[in-house]
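The values are calculated or read from the model by the stated rules, or taken from the named source; none is laboratory data. What you see is a predicted model, and the numbers here were worked out from it, not measured in a lab. Every residue, glycine as well, gets a Cβ built from its backbone with ideal geometry; the counts of neighbours run over all protein chains shown. Quick note on the areas: whole protein, heavy atoms, side chains included, nothing else; ligands and nucleic acids left out. Shrake-Rupley method; radii C 1.70, N 1.55, O 1.52, S 1.80 Å.
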Amino acid sequence: MSNGTKKLSGADIFFECLKREGVDTIFGYPGGAVLKLYEKLYDVDFLEHILVRHEQGATHAAEGYAKATGKVGVVLVTSGPGATNTVTGIADAYMDSVPIVVFTGQVPSHLIGNDAFQEADIVGITRPITKHNFLVRDINELATTIRKAFYIASTGRPGPVVVDLPKDVIASECEFSYPDDVDIKGYKPKYKGHYNQIKKAAEIISNAKRPLLYVGGGVIMSGGSRELALFAKENNLPVTMTLQGLGAFPGTDEQSLGMLGMHGTYWANQAVNNCDVLVSLGARFDDRVTGKVDTFAVNAFKIHVDIDPTCIDKNIVVDLPIVGDVKHVLAELAAEIQKTPDVKEWWNQINEWKEECPMAYEDADGKLRTEYVIEQISKKTKGEAVIVTDVGQHQMWTAQYYQFNHPRSNLTSGGLGTMGFSVPAAIGASFGIKDRPIISISGDGGFQMNIQELITAVAYKLPIKFIIINNSFLGMVRQWQELFHAEKYSFTDLSASNPDFVKVGQAFGIESYSTDDPKEVDTLIDKAMSINDRPVLLEFKVVKENMVFPMVPSGASISDMIVKRLNPKRMM
Amino acid sequence: MKHTISVLVENRFGAFDRVATMFSGKGFNIKSISIGETEFSDVSRMTIVTDGDEQILNQVVKQLNRLIDTIKVIDLSHTNHIQRELALIKVGLQKTTMEEIKNITDIFRGKIVDINNKSMMIEVTGPPEKIDAAVNVLMPFGIKEMARSGTVALNRGEQLNQKNEFVQTN
């Protein structure tokens, strides 16, 4: 416990707590219930408050900041609609285990339950989509609650925490003391894996003929990329990554098989199907990875390392679970391996698969395609940029064609699949990362879902490259309509109703360019990369009816992968 | 298969809601649920009866443990334990049936706790199966209203709730 006989107001305590937590950036939007906090904020100098244009933007920005830096993202909004607007971002953070703390204003305690002006039961609403949430009912609990909120959000399997602050609590006073330690009876995350289990895993990996590392976002969150690289390199193990795992292991490394699952590489999915030992590291056997569970890696001995015990045996029953922090476990696993496995033949087989069905796309007709745009961005930035994608076809093509070389470089909405994520998340990331380019990639549909945040990027002079992949369609939905829904392109054609994106950019005061010519792609990327004191917008008008392949249809077995176009008559 | 799970939670605003929300959100079934105080004023005990196979039960236990307000989860199905439930059953009354209902109440060691010209209220306690049996036997007399407390349960012998330990999967 630290000092304090002097009484402080709730607002003073709030900012004092943020200071102690090392918060340097908060994303927010003022309103009636948080006026006291904003009054105090006027004189606060240790942090920067970023004014967004919609509260959803604030939560995604906090996610972008947290994903890019590993620190906790912080949001401050008012009660009622301010709070409910954060819900999608909170759900997104919950699905992708992003540490954010969302402070919501609340009507005064005596009005709670009265259907007061701008009242919403945000604690009730967010209960199933938060790691935990709090309603602060007593000023004496404010400091401890904030301490707990940051602790819960950032430890164990990270996640969002909501703290609801009634107006009268913020206005009242008490003595301030900040607890040094947090003790929550029911919450003691377990970081160290069980020794015997690790030893057993090491033995099994040593004797494996066809081992495979299946790497998820947990490796990045735990900061275990170095341990992963050492372990994989030392034992010459093939590495495949989930969407959230991309960057955990360098995409350019020859041991990387790229992404697995629905739009994964042919050879990664073949490796999953044929491996004899599958080591899942910080991944959760999501349905987009496994396809039909009955046929997923049926012959493999499955080892599952995860910090969250609920992930184990949830979707796939495994043979050897290890509950613990993947960074710690990887280091111990590496130390326990007595002999490196003999994987020469296994690699020959994998390389055969690679040759059998390499990643390729149609490019002979001189028309612009997303795959080409992404490849060029990857080449121009040498895999060093922070890429923030939205959701849909461009997201999958980015996962396939951008060579991520570092962790925390691929910021994307994976679990919830939130369109509108990219623009605000890129804004958040650019407050955390100053020494690498931030590139936001959206489709023409998703770009319009949080388009208002463009002005936030302009106002703070953020050097973000906003890239719109415009195929005038909700492309991924269109792809499913073509493949599985009788080519009924129901409400996915935006060609007649899209705005002029260059004019939109210009209206926000952003230098904006557009092309549909592959020959101009390099020039535009160079142009964008040369602007470093303000945002820039590039629109790439790509062919309309392009599809993401390979593809494992939803619910199908990985071996039923569609590697080529089903309908040969349609050549674009 | 039916399972009885005892959950110690922080005696705090919203703790019950979190458990209920988790069950509905994950699609787990609740057959009965009861909640009340324990020997510690800051801890409540919930007794949940649920059904599902071993994998589902494992998930239920882990998901319960994952809630921050959960202090301890004990799957009583694998321990020697006592289960009790209380039921208040209001049965239709005619002059001719009164004696018979009284006899049935005695057989189930129940009590008649209220009576008027048209009905009689019977209190029965015991394992849930006993309550089921009493309900079945009383059914023909016309059950007008019924309230069941849901199961409460406690393991026999030494207490399990002192130590704050977590269910390990390995």
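Quick notes
- Only one entry of A:Val317, A:Val305 meets the criterion of being closer than 18 Å to B:Asn58 by Cα and surrounded by fewer than 18 Cβ atoms within 10 Å (Cβ to Cβ), and that entry is A:Val317.
- The criterion of at least 3 residues that are more than 18 Å from A:Val52 (Cβ to Cβ) and touching a Leu at 6+ places or on another chain (Cβ under 6 Å) is met, among helices (runs of 4 or more DSSP H) falling completely within the range A:422-531, by A:518-530.
So that you can scan it fast, the table gives a plain yes or no per residue for (1) part of a strand (DSSP E or B); (2) within 14 Å of another protein chain (Cβ to nearest Cβ); (3) surrounded by fewer than 18 Cβ atoms within 10 Å (Cβ to Cβ):
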| residue | (1), (2), (3) |
| --- | --- |
| B:Asn65 | no, yes, no |
| B:Val73 | yes, yes, no |
| B:Glu100 | no, no, yes |
| B:Asp106 | no, no, yes |
| B:Thr125 | yes, no, yes |
| B:Val135 | no, no, yes |
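- Test: residue in the range A:337-344 that is within 14 Å of chain B (Cβ to nearest Cβ), under 18 Å from A:Ala201 (Cα atoms) and open to solvent by less than 10 Å² (accessible area, probe 1.4 Å): no
- Selection of the range A:17-51 for residues being part of a helix (DSSP H, G or I) and open to solvent by 60 Å² or more (accessible area, probe 1.4 Å) yields A:Lys19, A:Arg20, A:Leu35, A:Lys36, A:Glu39, A:Lys40.
- The residues of the range A:321-332 that are assigned to a helix (DSSP H, G or I), touching a strand residue (DSSP E or B) at 6+ places or on another chain (Cβ under 9 Å) and either within 14 Å of chain B (Cβ to nearest Cβ) or of a type in the set (Phe, Trp, Tyr) (or both) amount to a single one, A:Val329.
- Taken over the range A:299-318, the criterion of being of a type in the set (A, V, I, L, M, F, W, C) and either touching a Ser or Thr at 6+ places or on another chain (Cβ under 6 Å) or touching a residue at least 24 places away in the same chain (Cβ under 8 Å) (or both) is satisfied by A:Ala300, A:Phe301, A:Ile303, A:Val305, A:Ile307, A:Cys311, A:Ile312, A:Ile316, A:Val318.
- For the range A:401-419, the set of residues classified as surrounded by fewer than 23 Cβ atoms within 10 Å (Cβ to Cβ) and outside any loop (DSSP other than H, G, I, E, B) consists of A:Tyr401 only.
Rundown of residues vs (1) free of Cβ contacts under 8 Å to residues at least 40 places away in the same chain; (2) away from chain A (no Cβ under 11 Å); (3) out of contact with any strand residue (DSSP E or B) (no Cβ under 7 Å at 6 or more places or on another chain), yes/no style:
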| position | (1), (2), (3) |
| --- | --- |
| B:His3 | no, yes, no |
| B:Val9 | no, no, no |
| B:Asp17 | yes, no, yes |
| B:Gly27 | yes, yes, yes |
| B:Ile30 | yes, yes, no |
| B:Ile35 | yes, yes, no |
| B:Thr38 | no, yes, no |
| B:Ser44 | yes, yes, no |
| B:Ile48 | no, yes, no |
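- A:Phe150 being part of a helix (DSSP H, G or I), farther than 20 Å from B:Phe13 by Cβ and more than 12 Å from chain B (Cβ to nearest Cβ): yes
Residues are listed down the side, and each one gets a yes or a no for (1) surrounded by fewer than 19 Cβ atoms within 10 Å (Cβ to Cβ); (2) out of contact with any Lys or Arg (no Cβ under 6 Å at 6 or more places or on another chain); (3) farther than 18 Å from A:Thr310 by Cα:
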{"position": "B:Val7", "(1), (2), (3)": "no, yes, no"}
{"position": "B:Ala15", "(1), (2), (3)": "no, yes, yes"}
{"position": "B:Met22", "(1), (2), (3)": "yes, yes, no"}
{"position": "B:Lys26", "(1), (2), (3)": "yes, yes, no"}
{"position": "B:Asn29", "(1), (2), (3)": "yes, yes, no"}
{"position": "B:Gly36", "(1), (2), (3)": "yes, yes, yes"}
{"position": "B:Phe40", "(1), (2), (3)": "yes, yes, yes"}
{"position": "B:Val43", "(1), (2), (3)": "yes, yes, yes"}
{"position": "B:Gln55", "(1), (2), (3)": "yes, yes, no"}
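- Test: residue in the range A:349-357 that is away from chain B (no Cβ under 14 Å) and either assigned to a loop (DSSP other than H, G, I, E, B) or within 16 Å of the chain's Cα centre (by Cα) (or both): yes
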